[in-house]
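Report on the following structure.
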Amino acid sequence: MAEKLLEVVDLKTSFYTGAGEVQAVRGVSFQLEKGEVLGIVGESGSGKSVMAKSIMSLIQSPGKIKQGDITWRGENLLGKSEKQLRAIRGNEISLISQDPMSALNPVVKIGKQMTEVIIRHQRVGKKEAEKRAVDLLGKVGISSPEERLKQYPHELSGGMKQRIMIGMSISCQPELLIADEPTTALDVTIQSQILNLMSALKDKEQMALILITHDLGVVAENCERVLVMYGGLIMEEGPVKELFQNPKHPYTEGLLRSLPKRSNGVKERLVPIQGSPPDLLNPPQGCPFADRCPYVMDKCAELPPYFKVDSERKTMCWLHESEEGDNHE
Amino acid sequence: MKKVILKRFLNAIPLLFIISIIAFLLIKLAPGDPIQSFVTPDMNPDDVERMRKSLGLDQPIYMQYILWLQNILTGNFGYSIITKRPVLDMIIERIPATLGLMGASLLLSLIIAIPLGMITAVKKNTIFDRIANFFAYIGISIPGFWFGLMLIYVFSLQLGLLPSMGMRTVGTDSIWDVMKHGILPATVLAFQNISVYMRYIRSSTIRQLDEDYVQIQYAYGASKRHVLFNHVLRNVLLPVITIIGLSIPNLVGGAFITETVFSWPGLGLLGVTSIFSFDYPVIMAITLFSSVMLILGNLIADILYSVVDPRIRLRG
């Protein structure tokens, strides 16, 4: 077993709004190893992004991490001071966000934004930082990097901006890069370029990657392991290939069935998942998917524990109780 | 860039032309015959008629306008009916007092409003924010002339700290003396602007703090302070340039009242006294001058905006 990089235990994050407590993440546990690529899939509002922000302690008022432990390289992140966290953010753990259009400050030159991060964490001079920024832009495949540094974000295309964001995010050789829907705002041809770039860099820099997306195709192509999130909980976890071939949770099954297949030219109707996701203001007591689940049973009114279906896979569904009953955590 | 600025200037000319017509007509429509100020008891009706002719007041109104415009374009604003001095001289000697007062109040309002607006945004919904907002509402609601009188009552009459009127103490000639005289009027002029700017900067900062790039900055280890001053501030200041441009009319209008309350010897006071004494040439000159100031102010704001915001480039 490889070295454990990140361990999240029973993480709960809520937002305290005027209408009440919105429980965005309701008890999530997972581990990440050094150099691993972990996919997190789920629909909008499933708690993916909130979880990513929680890992970096970026939750802002009215949001709050209510409970849980986040252990980063053996140290508890939640016990750290803001100053200690700042030394980790962008340096050891870095982030790429969904929309490159708005991720860069529109009135500050690219070069300044990039060198700021390098100077902050690497303690180098301005000249050296600029040199490194040029190298980074080269690495992420941007032509004439010296000129780009003098440009403002609006002078560049979306794909270029996302490349620059990637360059910025890896500028301090982080050990973990969290990519929160990195390709959602880009068009399809650019999407694959960006993903290829990211996996190439991941190998070169030997960093772990958490890829958050609602695109199952992206996960299948890029990830080793995947978490399926729904209603602020992890529904199922396992290696990508097995999980997709043989889903153990009705929600995963539903997700896969709602994907278009073009394998053998047979036209097949897509099967959508009926209903809508649970209200996180008043989350259901039992399984969050029970309302939409075709296999719903009486027992589903009670929240299932995780059942280990094999050594690497677990699922939160009563269907697998009898199967691996004595194995549950 | 230079070409664009020149073009903007040329565009302002028709506007000035229209304003000159309106200024001229308004005065013509106002009650009171200017000839009355020249009539002395020993003049007979023939003399009055001759006088009218020599002043060009017997001409049709459009001819009067053209004559007036011709004179103005050659720098001749006529003579004051009251003081018999050239209007241009009277205006020029008043300009420093008014510009100084406006500049001081603008500076004062920005120095107070920018930090206050940003702090209240960061401390949104705290007691500090609520108190600041309460005062902002008061600031917006209080009429300037009343506030001026109150300040005079407290600081000049009761405390005796600051002079209540004028710009200089007779016999002294120091900058400090002028500044002391300027504190109260500049405060009155600034008070309303502070409230408006502060609330504007507050809401603009709140909006900026929600932007993705702020989150990303935090994610790359930036401190709150760094994000606020190196990233948010710039974005917040951009629209402030526009509201400064837009608040120049307020300053000009406010100067009329404030200068009167404090007997500040600027253009506003000159304007008010001229209106009460039917000093038409002076009124028209001041109207024109204020308009030029407005147009120039907005033009400068326009140009400045395109200089500081890289996303906006002026096109001709």
Computed on Cα atoms, Rg of chain A relative to 2.2 N^0.38 Å comes out at 1.04
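Nearest-5 percent of antiparallel DSSP beta bridges in the protein assembly as shown? Present the calculation step by step, with values, prior to reporting the outcome.
Values: 33 of 52 bridges.
Once the DSSP bridges in the protein assembly as shown are tallied, antiparallel ones form about 65 percent.
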Short version: ³J(HN,Hα) in whole Hz for each residue of region A:91-96, in order, from phi by Karplus 6.51 cos²θ - 1.76 cosθ + 1.60 (θ = phi - 60°), x for Gly and Pro, what are they? 10, 9, 10, 10, 9, 10
Quick query: amide H of B:TYR79 versus all other amide H atoms, modeled in the peptide plane; which residues come in under 5 Å with a sequence gap of 5 or more or a different chain? B:VAL87
Sequence of A:VAL41, A:VAL134 once ranked by neighbouring C-beta atoms within 10 Å, starting from the fewest: A:VAL134, A:VAL41
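Calculate the dipole size of chain B relative to its Cα centre from +1 charges on Lys and Arg beta carbons and -1 charges on Asp and Glu beta carbons; express the result in debye to the nearest 20. It would help to have the intermediate numbers written out before the result.
Working: 25 positive and 18 negative charges, 288 e Å.
Roughly 1380 debye for chain B.
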For a distance above 17 Å, tell me the whole-number percent of Cα pairs in region B:239-316 that qualify. 54
Under 5 Å between amide H atoms, partner at least 5 residues away or on a different chain: which partners does A:VAL37 have, H built in plane at 1.01 Å? A:LEU209, A:GLU224, A:ARG225
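For chain B, what does the relative contact order come out to in percent, with C-alpha contacts under 8 Å and a separation of six or more? Intermediate values should be presented prior to the final figure.
Details: 300 pairs, mean separation 83.2, N = 316.
RCO, chain B: 26 percent.
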Karplus-derived HN-Hα couplings along region A:50-64 (A = 6.51, B = -1.76, C = 1.60, θ = phi - 60°), whole Hz, x at Gly and Pro: 4, 5, 4, 5, 5, 4, 8, 6, 9, 6, 10, 3, x, x, 7
Rounded, prolate or oblate: which fits region A:222-314 when a ≥ b ≥ c are the square roots of the eigenvalues of the alpha-carbon gyration tensor, with rounded for a/c under 1.5 and prolate only if a/b beats b/c? oblate
If the viscosity is 1.306 mPa s and the temperature 10 °C, what Stokes-Einstein diffusion coefficient in µm²/s follows for region B:94-308 when Rh is the Kirkwood radius over Cα pairs? 84
Select from B:GLY56, B:LEU10, B:GLN36 the residue farthest towards the positive end of the dipole of region B:2-73; place +1 on Cβ of Lys and Arg, -1 on Cβ of Asp and Glu, and compute about the Cα centre. B:LEU10
Put a dot 7 Å past each Cα toward the Cβ at B:LEU107 and B:ASP42; how far apart are the dots in nm? 5.4
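Run the helix sum for chain A: -39,500 (n - 2.57) per DSSP H stretch of 4+ residues, divided by residue count, reported at 222 nm to the nearest 500 deg cm²/dmol. Walk me through the intermediate numbers first.
Numbers: 11 runs with 102 residues, N = 329.
For chain A, the value works out to -9000 deg cm²/dmol.
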Report the local net charge at B:PRO163: Lys and Arg +1, Asp and Glu -1, summed over other residues whose C-beta lies under 10 Å from its C-beta. +1
Given the options A:SER258, A:SER276, A:SER171, which has the most mean-square fluctuation in a GNM of chain A, springs set between C-alpha atoms less than 10 angstrom apart? A:SER276
Using the per-residue mean of other Cβ atoms lying within 10 Å as a proxy for protection, in what order, highest first, do the peptides A:292-299, A:225-232, B:94-101 fall? A:225-232, B:94-101, A:292-299
What is the projected area of the convex hull of the Cα atoms of the protein assembly as shown, averaged over all directions, in nm²? 42.5
Taking Cα atoms only, helix A:188-205 is inclined relative to the longest principal axis of chain A by an angle, in degrees rounded to 10, of 80
In nanometres, what is the gap between the two model label sites at A:ASP135 and B:ASP177, each 7 Å from Cα along Cα-to-Cβ? 6.7
Phi-derived 3J(HN,Hα) across region A:212-218 with the Karplus relation (6.51, -1.76, 1.60, θ = phi - 60°), rounded Hz, x for Gly and Pro, is 9, 7, 10, 9, 5, x, 4
Return one number: the angle in degrees, 0 to 90 and rounded to the nearest 10, between the long axis of the Cα atoms of helix B:280-308 and the longest principal axis of the Cα atoms of chain B. 30
Can you give the calculated 222 nm mean residue ellipticity of chain B, where each DSSP H run of n ≥ 4 adds -39,500 (n - 2.57) and the sum is split over every residue, rounded to the nearest 500 deg cm²/dmol? -24000 deg cm²/dmol
Give the angle, between 0 and 90 degrees and rounded to the nearest 10, that separates the Cα long axis of helix B:87-122 from the longest principal axis of the Cα atoms of chain B. 20
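What's the local net charge at A:ASN222, with K and R +1, D and E -1, over the other residues with C-beta under 14 Å away? Display every interim value, and only then the final one.
Working: positive: A:LYS202, A:ARG225, A:LYS241; negative: A:GLU36, A:GLU181, A:ASP203, A:ASP215, A:GLU221, A:GLU224.
Its environment carries a net charge of -3.
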Centre separation in Å (Cα based) which lies between region B:13-28 and region A:118-193: 56
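Using DSSP to define loop residues, name the GluC sites (Glu not before Pro) in region A:241-313 whose beta-carbon has at most 15 other beta-carbon atoms within 10 Å.
In loop regions of region A:241-313 (DSSP not H, G, I, E or B), the sparsely surrounded GluC sites (Glu not before Pro) are A:GLU268, A:GLU302, A:GLU312.
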Once the other residues with Cβ under 9 Å from the Cβ of A:SER102 are scored (Lys, Arg +1; Asp, Glu -1), what is the net sum? -3
Work out how far the C-alpha atoms of region A:85-232 reach from end to end along every principal axis, then list the three figures in whole Å, largest first. 45, 31, 28
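Where a number appears in this text, it was derived from the coordinates with a stated rule and is not lab data. Not measured: the values here are computed from a predicted model. With ideal geometry, Cβ positions are generated from the backbone for all residues, glycine too; neighbour counts draw on all protein chains shown.
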